[in-house]
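Visitor: Below you'll find the structure I mean.
The values are calculated or read from the model by the stated rules, or taken from the named source; none is laboratory data. As the structure is a prediction and not an experimental result, all values here were calculated from the model. No Cβ is skipped: glycine too gets one built from the backbone with ideal geometry, and neighbour counts run over all protein chains shown.
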C-alpha cells in the first residue's frame, strides 16, 4: 500500500506538470494589439508601398502580355491572356483584382483605424496613404469597366472609380507639405481626369506638371531581399527561360528592368507617374481640340526635354535568346522591321544582343523623332505618332492594355461572394478590332531578306477605331 | 543527485529481492502445424504483470513471484495470428516443463489489441475492425520505409508511393478521402506516443522557391525505422478512432516495438545486398533512360540482440543502409542509420516499466523535378523542354542523329552533375510506459513520450549550373530547417468486472499532446561555387515559421458483454485544442457499437459441422475529428521588412468559430471463419460523413483579404470492404495461403457551404488542376474540354470535370507458399475506376516534342496553339495491378548450420517487378505538391515529370546466434 501511495503521488505530480503544458503563445500580432501603437501609421504606410509593388507585379505582368507589347514565350505565368482570353474564372483575374482590392482596403483601414489611433502620425503620412488609395482607384478605373471599391460592396463604374481617385488625390494635395510629392499627386489627378475624359481638367493638371516638373518621376520600389521582386524584371531579364518576348518592333525597348550582380539585391523600380505622361495627355487633349500644331510642339518637347534626358545603361543582354514556344524571334541588329505588311522596312529596332552590350532605357525611350512628327500633318497621322509614343514610353509599365481598349472582368470569386455583381460585369471587354488568336503578337520573319513583319500595327488599328469606347479619351 | 542515487539503489534492491527463492516456470511453445518453436510469444500470469516472451526456439522460463507460488495460476500464451491459450497450473505443477501448442487463427477473434481502445481488449468484444500485422508477416520484406512495408499488407488501406524520389511522400487511401484540408495520412503512434507524420505542408519556401521539396514532398514516414517491430495495428477513422478525438479521422497506425527477449542474449545479424534498376516502363522517349538513369546498388547491414527474464528484458537493433538510387550522378541516393532499443523491467510486483528509444539518421539527395523550373531532368527529356533549355535542342529525342543526341547527353550529364540538393534528418523518439496493477482487475498505464525530428534541406544552385542552363542569376545556397517536437502524455485506467453472465470492461483516461512545428529558412545569394555555408554569401536572408498546438482530452469507454457473445461498446471523448476558435468550447466525440458472436451460441456450437466455425456480426457509429491549423483562429496583422523598415498589412482574417472537422461514421460488419477456420472472410459497409469540413476559402477579391479557414463543407464516403484469407494447404511440409481484399468507395463533396470551388493541386485553372467542387468527388481533374469538328478544335469550355482521381475500387492480394524450409511470397496492389491527367503528354504538344493524342487535322491547322484547350485528350484511366514484392526465402536446417547458429536464412526478393497499367504514365508517380494547393490535402492524379519507384532485386542473409 505504501508503494501505491508513492505511485499515486508521482502520478498526481505528472498530472500537475501536464497542466502546465496546456498553454501556447501565438508568436504573431493580432490587429487589436497593433492599432494605436506608436509608429503604427508609418509602418502601415510602408506596408502600402509594399502592397503597391505587389499590385504592380500582377497588373504589369498580366496586362503587358494581354497587350501587343509582349508574348509569353514560356510555360510560366499566364498562357491565355496573350490571345487574349480573359475569363472571370481565371485565377490570375482574381489575383489581380485581389491585389488592387488589398491596396484599396489598406488605404481605407489606414485612414479609418490606424491613423486616427496613432499619436505619432503626420500629415505627410496621411497624404501618402490618401495618394496610394487614390492610385488603387485609378488602377481600378483604368483596368476595369466596373469594380467594387468597398469590401464585397456596390459595384462602381470606371467613372466612379476615377471620381474616388480624384477625391483621394485632392485630399493628399491638401495634406502634403512636400512640393515634389504634390507634383506627383497633381499628375495623378491629370491621369484620373484623362480616364474620365475630362479634357479641361486633365489638360490643366498636365500643363502644371509640364511647367513645374517635366522630369517628374514617381516610382514603386521593390525589395528582392524581402521577397518582393519585380516580376516584370524576372520575366524580361532574370528568368533563364526568357519568359516574355517583346514584339519585334519594340525589341529595342526590352528590357526596361535588369539586374547587375545578385538579382534579389538589384530589383529595379517601376515608374507609376512620370513627366512624360503630362505631355502625352496634353498633346492628346490638344488633338481632341483640333490644335494639331500645339500638339506636335508638345510631343517634340517631350522628346527633346524629357525622353532624351532620361538615363540609359549599358548591360549584357546576351542571355535573351528568345527560345521558347516560338524560337523564331529576330536576334540580329541587321534585321529590319515592318510594322505591318504595308509599312516600309526600317532598321534599328532589333538589338544585336550577342554582339556586345546593349543600351537600355531605364525610364523612357521612343523611336519617334521630331522629323516623324513634322511629317504627321493630319490628325490621324499625328494621332498615330502619339499612340506609338504612348506605347513605347510606357513599355513594361502596364499601360498598353488600357490604351487598346481592353478591360478585365470582375472575378468569379468576387461574384460568388458579392451579390451586387451582375453577370455582364464578369465578362472581359475585348473590342472587336482586337485580333484574337495571338494576332497582336504574331509576326513573320523572312530570314533571307532579313525582314520581320508584324501581322498587325495596333497603333494604326487604334487610329482607325479612335471613336471606339475606352480608347483615346481626350478625343471624346 | 543524491535522490537519483537513492532511487536507483532502491529499484535495484527491489529487482534483486524478487530474484530470491522463487519457483521457475519453464516450457516450450510450438506451432501446431509446423511443429517448430514459436518465438516472441507472450507468456503471462493472468491478473499480474509477471511474464516473459519465448526465445527464437520457442522456449521460455521465468520466476513465479513469491506471492503467487502457492496459488493456482492461469498462464496466458498470446501471439499475433494465433489463438490465445490459457493453462491452469496448480502449485504442485509449477516445476514441470510446459509444452504449449498454439494454433494459427485466421479469424483472430480472441486476439488482444490496444489501438483505439485505451488499453488491451480482446477483438471479440469490439464492434470495429482492427488490422494487426505480426513481425513474422513483415520479416521477409526488404522495404526500408514503413509505408512501403505496409503496401499490400493492410486489406483496406492503400499506400501509394507518390514518386521515386528519395524520401518522397506516400498517398494513403483508407475509406476514401475525408478531408479537403488535411493530408489523408493516418496519425502514427509508436509505443503509445504520437509521432510526426508530416501531414502539414511546409510553410516556408521549401516547396516554392527552389527548395528541394518542390521536387517531391518529403515524408516523415520514410524515416521511422523498420527495425525491431513487434507488431503493427491499424484502425480506420470513425468509431474505431473516437478515443483519439480531434486528430484521428484518417485512422491510426500504431507501431509496437520489441521490449525484451527471453533468456540469455540472442544475437541476430542480417545483410541485404541488391541491385536497383530504373522503372522505364512509362518513359515516352526510348532515349530518356540513356540520358537520366543508371543501375545502382543497395546494401543494408543490420544487427540486433535481445534477452531477459521476468524481471528485466531488453531488445536492440541497429541498421545501416545505402541505396545508390537509379539516377546518374547518384542524385537519388539515400543513406540511413537506424537504432532502436527497448527495455522491460519489473519494478514492483504491481509495477512494470517499459521504454523504447529510437534514433534515425537519414541523408538523401534529390534531383529537381516537375515544377522546379530552369532545368529538371524529366521535364527536359520527357516533356520537350529541351527545346528551350540551355542552348536549345530538337525535343524529339528518338529522332536525333547519334551526334546530336550525344550533345544532348553531354548537356544533361553536366546539368545533373551540377545539381546539389540534399536533405538530412535526425530523429529521436522515446516512449516511457509505467503499468500499475494494484488489483487483479484494475490496471493503470502512464505513457510519456517524445518525438523530435530535425530536417535540414540544402539546395545549392551554383553559378556553373546557372550558366549551364542559360540563367543569368548568381549562385545561391538555400537551407531550410524543419524541426518537429511532439510530446505525448497519457494516463489510462481499465477495470474489468464480471457479474453473473455480464462482463464489464471500463476504460477511462486522459491524453495530452503538444506539437511544435518550427521552420527556418536561411538563404544566401551571390555565393562562390563550393561555398556551403550561408555566411559566405553576398546577401543573406532568413525566415521563420512557428506553429504550436496543444490538445487535451478525456475519454471514457464502457464495454459490456453478456454470455461471452453479446457486446455493447459505448465511449466518448472530449477535447480542448488551442487551434479551436474562441467561441468553441470542448468538442465531444461519441461512439456506440454492438457485436454479436453467433458462433458462440450453444445451439451453434452443438451444430455438428465444420464449414462455418465463426460468425460475428457488428455495427457501430462513431465520430473522429481533424483539428484546424494552429493559430488560424486569430485575426492578425502581418509584418515583414520592406526597403529597410518594418511594413504591416492584413494578416490572416481569423475565425472565432473555428473547430475540428468531424467524420461521422456508420459501419456494419461481418466476420466469418469458414471451412474449418481455414478461410477468414471480413465484410464491412461504411458510410462516413465529414461535417463542418474545413475548407480554405477565398473571400471576395474586393476585401483584399487572404483565404480563410472555415468549417463549411460536407463530404461523404461510402463503400464496401471485403477481405479474405484462405489457407489452401496446411501441413508439416506445406503451407499455402492466399489473401485478397477489395474495397469500394463512393466519394462526394455534398456541399461546399456556398464557397466557390478551389483547387488542391496543380497549376492554374486555365491549365489542369485537381479541384474541390460541390457535387463532385474530392480532387477531381478540372481543365479545358475541347469540342472538335472534323478533327479541328471548334470550341472549348473551361474548368470542366475531366475525371475523378479517386479510384472506386482498390485492394491487395498476397500469396505465401512454404514447402518445408523454402518459402515464397508475393504481394500485389490494384486499383480501378480513377483517372489521371498526363501533363507530360500535354506538355510535349506545347514544345512540339510530339503530337500524340491530338487529331492530325488540328495540328495541321493550328499547330500547338490550342494545346491547353483540349485537356480531356490527356486524361487516362489510372487502373493498375502492381506486383510489389516477389520473394523466396530458405531457412537452413539446424544440422547444416551447426550448434553455434540458432537460425539462418537466405532469400531473394524482387521489389516492384511488374506493373500492369491502363495509362501510359505511372498512375502513382504524381506531381508533388503544387503551387496553389491548400493545406496539404492531395488525391494525386496529376502526372508531371515525376519519377517512378525503381525496381530492386535484393538478396538477404539472416543469422540468429
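Visitor: Output the number of residues of the stretch B:106-121 satisfying the condition of being over 16 Å from residue B:555 (Cα atoms) and not in a strand (DSSP E or B).
Guide: Residues that pass the stated criteria total 6.
Visitor: Which residues, counting only those in the stretch B:541-595, are part of a loop (DSSP other than H, G, I, E, B), closer than 27 Å to residue B:711 by Cβ and in contact (Cβ under 8 Å) with a residue 24 or more places away in the chain?
Guide: Here is the first cut: in the stretch B:541-595, the residues part of a loop (DSSP other than H, G, I, E, B) are B:563-565, B:578-586.
This time we only want the ones that are closer than 27 Å to residue B:711 by Cβ, so: B:578-586.
Correct list: B:578, B:579, B:580, B:581, B:582, B:583, B:584.
Visitor: I'd like to know if the stretch A:28-39 contains one or more residues that are over 22 Å from the mean Cα position of the chain (by Cα), outside any helix (DSSP H, G or I) and modelled with pLDDT under 85.
Guide: Within the stretch A:28-39, the subset over 22 Å from the mean Cα position of the chain (by Cα) is A:28-39.
Applying the additional criterion that residues be outside any helix (DSSP H, G or I) yields A:28-30, A:35-39.
Pick out the ones that are also modelled with pLDDT under 85 and you get none.
Within the stretch A:28-39 (the criterion being over 22 Å from the mean Cα position of the chain (by Cα), outside any helix (DSSP H, G or I) and modelled with pLDDT under 85), the answer is no, since none of the residues qualifies.
Visitor: Oh, and also: Pick out the one residue from A:260, A:218 that is more than 14 Å from chain B (Cβ to nearest Cβ) and either over 30 Å from residue A:439 (Cβ atoms) or modelled with pLDDT of 95 or more (or both). Walk me through how you get there before you give the answer.
Guide: Working: A:260 fails: more than 14 Å from chain B (Cβ to nearest Cβ).
A:218 is the lone residue from the list that is more than 14 Å from chain B (Cβ to nearest Cβ) and either over 30 Å from residue A:439 (Cβ atoms) or modelled with pLDDT of 95 or more (or both).
Visitor: Out of all the residues in the stretch A:15-34, is one or more in contact with a helix residue (DSSP H, G or I) (Cβ under 9 Å, 6 or more places away or on another chain) and under 21 Å from residue A:223 (Cα atoms)? Don't jump to the end; show me each part of the working.
Guide: In the first step, residues of the stretch A:15-34 are kept if they are in contact with a helix residue (DSSP H, G or I) (Cβ under 9 Å, 6 or more places away or on another chain); the result is A:31, A:34.
Next, from what is left, pick out any that are under 21 Å from residue A:223 (Cα atoms): none.
No, the conditions are met nowhere in the stretch A:15-34.
Visitor: Restricting attention to the stretch B:615-651, report how many residues are touching a residue at least 40 places away in the same chain (Cβ under 8 Å) and either more than 19 Å from residue B:707 (Cα to Cα) or more than 8 Å from chain A (Cβ to nearest Cβ) (or both).
Guide: Number satisfying all stated conditions: 17.
Visitor: May I pose another question? Report yes if residue A:372 is free of Cβ contacts under 8 Å to residues at least 24 places away in the same chain and surrounded by 15 or more Cβ atoms within 10 Å (Cβ to Cβ), otherwise no.
Guide: Working: free of Cβ contacts under 8 Å to residues at least 24 places away in the same chain: yes; surrounded by 15 or more Cβ atoms within 10 Å (Cβ to Cβ): yes.
Taking the combined requirement at face value, the residue satisfies it.
Visitor: Let me ask you something else. If residue B:474 passes every condition in (1) outside any strand (DSSP E or B); (2) surrounded by fewer than 22 Cβ atoms within 10 Å (Cβ to Cβ) but one, which one does it miss?
Guide: Of the numbered conditions (1) outside any strand (DSSP E or B); (2) surrounded by fewer than 22 Cβ atoms within 10 Å (Cβ to Cβ), the odd one out for residue B:474 is (2).
Visitor: Next question. Do the conditions hold for residue B:657, that is, is it over 27 Å from residue B:507 (Cα atoms) and within 14 Å of chain A (Cβ to nearest Cβ)? Give the derivation first.
Guide: Numbers: over 27 Å from residue B:507 (Cα atoms): yes; within 14 Å of chain A (Cβ to nearest Cβ): no.
Spelling it out, it is not the case that residue B:657 is over 27 Å from residue B:507 (Cα atoms) and within 14 Å of chain A (Cβ to nearest Cβ).
Visitor: If you check A:265, A:295, A:283, which single one turns out to be at negative phi and modelled with pLDDT under 95? Full working, then the answer.
Guide: Values: A:295 fails: modelled with pLDDT under 95; A:283 fails: modelled with pLDDT under 95.
The conditions single out A:265.
Visitor: Among the residues in the stretch A:323-330, are any modelled with pLDDT of 95 or more, over 19 Å from residue A:257 (Cα atoms), away from chain B (no Cβ under 14 Å) and part of a loop (DSSP other than H, G, I, E, B)?
Guide: yes
Visitor: Please specify each residue of the stretch B:789-806 satisfying the condition of being under 22 Å from residue B:775 (Cα atoms) and in contact with a helix residue (DSSP H, G or I) (Cβ under 7 Å, 6 or more places away or on another chain).
Guide: Within the stretch B:789-806, just B:802 meets the criteria.
Visitor: Report yes if some residue within the stretch B:899-918 is assigned by TED's automatic domain parsing to the domain that holds residue B:789 and closer than 17 Å to residue B:803 by Cβ; otherwise report no. Spell out the reasoning first.
Guide: So in the stretch B:899-918, the residues assigned by TED's automatic domain parsing to the domain that holds residue B:789 come out as B:899-918.
Applying the additional criterion that residues be closer than 17 Å to residue B:803 by Cβ yields B:917-918.
Yes - at least one qualifying residue is present in the stretch B:899-918.
Visitor: Which one of these is more than 30 Å from residue B:75 (Cβ to Cβ) and within 14 Å of chain A (Cβ to nearest Cβ): B:461, B:433, B:443?
Guide: Details: B:433 fails: more than 30 Å from residue B:75 (Cβ to Cβ); B:443 fails: more than 30 Å from residue B:75 (Cβ to Cβ).
Of the residues listed, the single one that is more than 30 Å from residue B:75 (Cβ to Cβ) and within 14 Å of chain A (Cβ to nearest Cβ) is B:461.
Visitor: Anything in the stretch A:238-256 that is part of a loop (DSSP other than H, G, I, E, B), in contact with a strand residue (DSSP E or B) (Cβ under 9 Å, 6 or more places away or on another chain) and within 13 Å of chain B (Cβ to nearest Cβ)? List them, or say none. Explain how you work it out, then say what you get.
Guide: Keep residues of the stretch A:238-256 that are part of a loop (DSSP other than H, G, I, E, B), which gives A:239-243, A:247, A:254-256.
From what is left, the residues that are in contact with a strand residue (DSSP E or B) (Cβ under 9 Å, 6 or more places away or on another chain) are A:243, A:247, A:254-256.
Correct list: A:243, A:255.
Visitor: For the stretch B:689-717, what are the residues that are more than 15 Å from residue B:660 (Cβ to Cβ) and away from chain A (no Cβ under 14 Å)?
Guide: B:716, B:717
Visitor: It is to be established whether one or more residues within the stretch A:58-74 are closer than 30 Å to residue A:329 by Cβ, more than 19 Å from the chain's Cα centre (by Cα) and facing chain B (nearest Cβ under 10 Å).
Guide: Residues of the stretch A:58-74 closer than 30 Å to residue A:329 by Cβ: A:58-74.
Still in the running and more than 19 Å from the chain's Cα centre (by Cα): A:73-74.
Applying the additional criterion that residues be facing chain B (nearest Cβ under 10 Å) yields A:73-74.
Yes, some residue in the stretch A:58-74 is closer than 30 Å to residue A:329 by Cβ, more than 19 Å from the chain's Cα centre (by Cα) and facing chain B (nearest Cβ under 10 Å).
Visitor: Let me ask you something else. Considering A:377, A:426, which residue is touching a helix residue (DSSP H, G or I) at 6+ places or on another chain (Cβ under 7 Å) and either on the phi < 0 side of the Ramachandran plot or in contact (Cβ under 8 Å) with a residue 24 or more places away in the chain (or both)? Can you show your working first?
Guide: On the way: A:377 fails: touching a helix residue (DSSP H, G or I) at 6+ places or on another chain (Cβ under 7 Å).
The conditions single out A:426.
Visitor: Does the stretch B:730-752 contain any residue that is assigned to a loop (DSSP other than H, G, I, E, B) and either touching a helix residue (DSSP H, G or I) at 6+ places or on another chain (Cβ under 8 Å) or not assigned by TED's automatic domain parsing to the domain that holds residue B:143 (or both)? Break it down stepwise before answering.
Guide: Quick first cut of the stretch B:730-752, residues assigned to a loop (DSSP other than H, G, I, E, B) only: B:731-733, B:745, B:752.
Those left that are additionally either touching a helix residue (DSSP H, G or I) at 6+ places or on another chain (Cβ under 8 Å) or not assigned by TED's automatic domain parsing to the domain that holds residue B:143 (or both): none.
Looking for residues that are assigned to a loop (DSSP other than H, G, I, E, B) and either touching a helix residue (DSSP H, G or I) at 6+ places or on another chain (Cβ under 8 Å) or not assigned by TED's automatic domain parsing to the domain that holds residue B:143 (or both), one finds none in the stretch B:730-752, hence no.
Visitor: To continue, here is another question. Looking for whichever is outside any loop (DSSP other than H, G, I, E, B), in contact (Cβ under 8 Å) with a residue 24 or more places away in the chain and more than 13 Å from chain B (Cβ to nearest Cβ) here; the options are A:130, A:95. Which one fits?
Guide: Details: A:95 fails: more than 13 Å from chain B (Cβ to nearest Cβ).
Every option except A:130 fails the conditions.
Visitor: From the list A:147, A:138, A:143, exactly one residue is touching a helix residue (DSSP H, G or I) at 6+ places or on another chain (Cβ under 8 Å), closer than 18 Å to residue A:191 by Cα and in contact (Cβ under 8 Å) with a residue 60 or more places away in the chain. Which is it?
Guide: Working: A:147 fails: closer than 18 Å to residue A:191 by Cα; A:138 fails: in contact (Cβ under 8 Å) with a residue 60 or more places away in the chain.
None of the other options fit; the residue is A:143.
Visitor: Tally time: how many residues in the stretch B:789-807 are part of a strand (DSSP E or B) and either surrounded by fewer than 19 Cβ atoms within 10 Å (Cβ to Cβ) or within 14 Å of chain A (Cβ to nearest Cβ) (or both)? Spell out the reasoning first.
Guide: To start, the set of residues in the stretch B:789-807 that are part of a strand (DSSP E or B) comprises B:789, B:792-803.
Those still in the list that are either surrounded by fewer than 19 Cβ atoms within 10 Å (Cβ to Cβ) or within 14 Å of chain A (Cβ to nearest Cβ) (or both) too: B:789, B:792-801.
Residues in the stretch B:789-807 being part of a strand (DSSP E or B) and either surrounded by fewer than 19 Cβ atoms within 10 Å (Cβ to Cβ) or within 14 Å of chain A (Cβ to nearest Cβ) (or both): 11 in total.
Visitor: Looking at the stretch A:77-89, which of the residues that are in contact (Cβ under 8 Å) with a residue 24 or more places away in the chain and at the interface with chain B (Cβ under 7 Å from one of its Cβ atoms) is surrounded by the most Cβ atoms within 10 Å (Cβ to Cβ)?
Guide: Here the residue is A:87.
Visitor: Could you tell me whether the stretch B:495-512 includes any residue that is closer than 30 Å to residue A:14 by Cα, more than 9 Å from chain A (Cβ to nearest Cβ), in a strand (DSSP E or B) and modelled with pLDDT under 90? Outline the logic, then answer.
Guide: Of the residues in the stretch B:495-512, the ones closer than 30 Å to residue A:14 by Cα are B:495-497, B:504-512.
If we keep only those that are more than 9 Å from chain A (Cβ to nearest Cβ) as well, we get B:495-497, B:504-509, B:511.
Adding the requirement that they be in a strand (DSSP E or B) leaves B:495-497, B:504-509, B:511.
With the extra rule that they be modelled with pLDDT under 90, the set shrinks to none.
Scanning the stretch B:495-512 turns up no residue that is closer than 30 Å to residue A:14 by Cα, more than 9 Å from chain A (Cβ to nearest Cβ), in a strand (DSSP E or B) and modelled with pLDDT under 90.
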